[in-house]
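Report on the following structure.
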Amino acid sequence: MEPTITVENVVASTKLADDFDLEKLMEIGLEGAEYNKTKFPGLVYRIENPRVAFLIFNSGKVVCTGARSPEKSHIAIINLANELTSIGCKDINLEPEVHVQNVVASANLNTNLNLNAILT
């Protein structure tokens, strides 16, 4: 039987702007966003469709995590760019270059593995 491989998480990054005023983003309406600069230097924003979390930084960089495919992370980033534009952010890159940084996948190999033997 062929192994079943499942993508669990895709981490992708892009640059949507030259910079962001994270406190202003909190004021003007990213519903449900969290920003506590004493704990983390970025704003955390979660959406449901596709279900991902964004880390948005002052530098204009954005990291998208939690997507189940590179395509879904790209769609989520485009949706974020459009949302930022709709709430009044200026000079947002609506066609950003998205870089996949990491993919986590799991697989059922349909066998038992001796991890000690593999590591030696």
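The values are calculated or read from the model by the stated rules, or taken from the named source; none is laboratory data. This is a predicted model, so every value here is computed, not measured. Note that we place each Cβ from the backbone using ideal geometry, even for glycine, and neighbour counts take in every protein chain shown. Only protein heavy atoms, including side chains, enter the accessible area calculation; ligands, DNA and RNA are left aside. Shrake-Rupley method; radii C 1.70, N 1.55, O 1.52, S 1.80 Å.
Estimated translational diffusion coefficient (Stokes-Einstein, Kirkwood radius over Cα pairs, 4 °C, 1.567 mPa s) of the chain: 82 µm² per second.
In this structure the chain gives 66 Å² per residue of accessible area when probed at 1.4 Å with all protein chains present.
Relative to the longest principal axis of the C-alpha atoms of the chain, give the angle of the C-alpha long axis of helix 70-86, reported between 0 and 90° and rounded to the nearest 10°. For helix 70-86, the angle is close to 10 degrees.
Surface composition of the chain: carbon plus sulfur atoms hold 50% of the accessible area, using a 1.4 angstrom probe and ignoring ligands, DNA and RNA.
Once both labels are positioned 7 Å from their Cα atoms along Cα-to-Cβ, the gap between residue 97 and residue 48 label points is 3.6 nm.
For region 5-38, state which GluC sites (Glu not before Pro) are in a DSSP loop and have at most 12 other beta carbons lying within 10 Å of their beta carbon. Passing both the DSSP loop test and the Cβ count: 31. Less than 5 angstrom separates the built amide H of residue 20 from those of 59, 60, all sequence-distant by 5 or more or on a different chain.
Peptides 66-77, 89-100 ranked from most to least packed by the mean count of surrounding Cβ atoms within 10 Å: 66-77, 89-100.
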